[in-house]
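Okay, structure first, notes after.
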Amino acid sequence: MVNMQNSMRILLPVGFFLALVGIVEVICFLGLIPSFLLPPPSEVMHAFYTEFPILIKYAIPTLTATLTGFSLSVVIGYGLAILMDRFSLVKITLEPFIIISQNIPLIAIAPLFILWFGFGLLPKIMIIILTCFFPITQNSLSGFEMVEKEHQQLFKMWNAPYWFELRYLKIPRGMQSFFTGLRISATYAIMATIISEWTGGNSGLGIYLIRSKNAYKLPEFFAALLLIIILSLLFFTSIQLCEYYYNKKKRKV
C-alpha cells in the first residue's frame, strides 16, 4: 500500500503534466494560438536540446549565486533564531524589522542593490538572503518554542546552561521545523536569483531570458524557463532527501 501511494505521488503529477503538454501541442497544431504568442511544446523541447550547452553555461553563475546565498541564508536565519530564542530583548527588537524585510518588493530593492554594490555576485547574494532567511528564522524559532515546557524545566533543575539545553534538547526537537523552513526557502532561492539577474545582472539565466525575449525567440525563452523549473525542483528535492536521511538516521538511533 505504501509503495502504491509513493508511485501515485509520482505518476499522477507526471501524467497530468504530460496531458497538459499534449493539449497545448494540439492547440498550437490547430492554429488556435499563434506560435509567436505560445510556441508548441515540441519546438520548446527542440530548443532545449539544441541550446542545452549554452543554457548550462548561463546556469552556472545562477547556481553559484543561489547556492552561496542560500547557504548564507541558513547560517544567518538559524543564527537569528537562536539569538531570538535566547534573548527576549533581541526578539522584541528585531522581529518587527524582520517582518518588514519581507514586505519590501524584490523588484523595487534589486535595482538599488545593483546601484550600491555593482553588477557582480554580491547584490545577487544579498537579494537571495533577503528572500530566504525569513522562513528559516521563523520556522526554526517556532521549533525551539514548541519544545515541551516539562523538558525545559528539567534542564533548569539541573542548572544546565542555555547552550547545553540548545544542543541536547531544542535543536533535536526543532529539526522538523528547521527542515520546513529550508523547503520553503528552497522554493524561493532560484526565483530570487533570476529576479536579481533580470533587474540588472551581467550573467546567468535571467540574462538569457532577457536576450531571448528581446530577440522574440520564444522557444529559447521557454526552454530557459524549463531549465529553471528543473533546477528548482532538483534543489527542493535535495532538501527533501536531506530531511529523509536525517529522519532515517534518527529512527536508527
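Could you order Ile136, Ile228 by accessible surface area, starting with the largest, using a probe radius of 1.4 Å?
On the way: Ile136 0, Ile228 25 Å².
Largest to smallest exposure gives the sequence Ile228, Ile136.
State in Å² the accessible area per residue of the range 150-253; use a 1.4 Å probe, count heavy atoms of protein chains only, and round to the nearest integer. Can you show the working numbers first?
Values: 5990 Å² over 104 residues.
Result: 58 Å² per residue.
If the elastic network links every pair of Cα atoms under 10 Å, which of Lys57, Lys217, Lys149 fluctuates the most in the Gaussian network model of the chain?
Among Lys57, Lys217, Lys149, the largest GNM mean-square fluctuation belongs to Lys149.
Given a 1.4 Å probe and the protein chains all in place, what does the accessible area of Arg86 round to, in Å² to the nearest 10?
100 Å²
Cross-chain or 8 or more residues apart, Cα under 23 Å: how many lysine pairs in the chain fit that? Count them up, please.
14
For a quick check of understanding: with a 1.4 angstrom probe and all protein chains in place, what accessible area in square angstrom does Phe113 have, to the nearest ten?
The value for Phe113 is about 20 Å².
Rolling a 1.4 Å sphere over the protein heavy atoms, what is the accessible area per residue of the range 1-146, to the nearest Å²?
Numbers: 9000 Å² over 146 residues.
On a per-residue basis, 62 Å².
Which of these values of log10 I(q)/I(0) by the Debye sum over Cα atoms at q = 0.08, 0.09, 0.11, 0.17 Å⁻¹ was calculated from the structure shown: [x] -0.44, -0.54, -0.76, -1.27; [y] -0.29, -0.37, -0.56, -1.35; [z] -0.40, -0.49, -0.68, -1.16?
Among [x] -0.44, -0.54, -0.76, -1.27; [y] -0.29, -0.37, -0.56, -1.35; [z] -0.40, -0.49, -0.68, -1.16, the one derived from this structure is [x].
Rank Leu38, Leu226, Leu154 by mean-square fluctuation in a GNM of the chain with C-alpha springs under 10 angstrom and give only the top-ranked residue.
For the chain, modelled as a Gaussian network with Cα springs under 10 Å, the answer is Leu154.
With angles folded into 0 to 90 degrees, how steeply does helix 106-117 sit against the dominant principal axis of the chain? Use alpha carbons for both and round to 10.
80 degrees
Sort His46, His151 from largest to smallest accessible area, using a 1.4 Å probe on the heavy atoms of the protein chains. All intermediate terms of the calculation are to be shown ahead of the outcome.
Working: His46 120, His151 65 Å².
Output order, biggest surface exposure first: His46, His151.
Could you work out which residue, out of Tyr168, Tyr78, Tyr58, moves most in a Gaussian network model of the chain, that is, has the largest mean-square fluctuation with Cα springs under 10 Å?
Tyr168
Determine the dipole magnitude for the range 122-230: charges of +1 sit on the beta-carbon of Lys and Arg, -1 on that of Asp and Glu, nothing else is charged, the reference point is the Cα centre, and the result goes in debye to the nearest 20. It would help to have the intermediate numbers written out before the result.
On the way: 10 positive and 6 negative charges, 33 e Å.
Here the size comes out at about 160 debye.
How much accessible surface does Glu25 have with a 1.4 Å probe, in Å² rounded to 10?
60 Å²
At 1.4 Å probe size, with the rest of the protein present, what percent of the exposed accessible area of the chain is carbon and sulfur atoms? Write down the numbers at each step before the final one.
Details: 10930 of 15200 Å².
That fraction is 72 percent.
Assuming a ≥ b ≥ c are the square roots of the Cα gyration tensor eigenvalues, decide whether the range 92-217 counts as rounded (a/c under 1.5), prolate (otherwise, with a/b larger than b/c) or oblate.
Numbers: a/c = 3.63, a/b = 2.78, b/c = 1.30.
Note, shape of the range 92-217 comes out prolate.
Using R₀ = 30 Å, calculate the FRET efficiency as 1/(1 + (r/R₀)^6) where r is the Cβ-Cβ separation of Phe97 and Lys149; round to 0.05. If you can, show how the numbers build up before the last one.
Values: r = 29 Å, r/R0 = 0.95.
Approximately 0.55, to the nearest 0.05.
Taking just the alpha-carbon atoms of the range 28-85, what radius of gyration and Dmax come out, in angstrom?
20.5, 60
Helix-only estimate, please: 222 nm mean residue ellipticity of the chain, summing -39500 (n - 2.57) across DSSP H runs of length 4 or more and dividing by its residues, to the nearest 500. All intermediate terms of the calculation are to be shown ahead of the outcome.
Values: 10 runs with 207 residues, N = 253.
That comes out to -28500 deg cm²/dmol.
The values are calculated or read from the model by the stated rules, or taken from the named source; none is laboratory data. These numbers were taken from a predicted model, which means no experiment stands behind them. Methodologically, a virtual Cβ is constructed for each residue, glycine included, from the backbone with ideal geometry; neighbour enumeration extends over all protein chains shown. All accessible areas refer to the heavy atoms of the entire protein, side chains included, with ligands and DNA or RNA removed. Shrake-Rupley method; radii C 1.70, N 1.55, O 1.52, S 1.80 Å.
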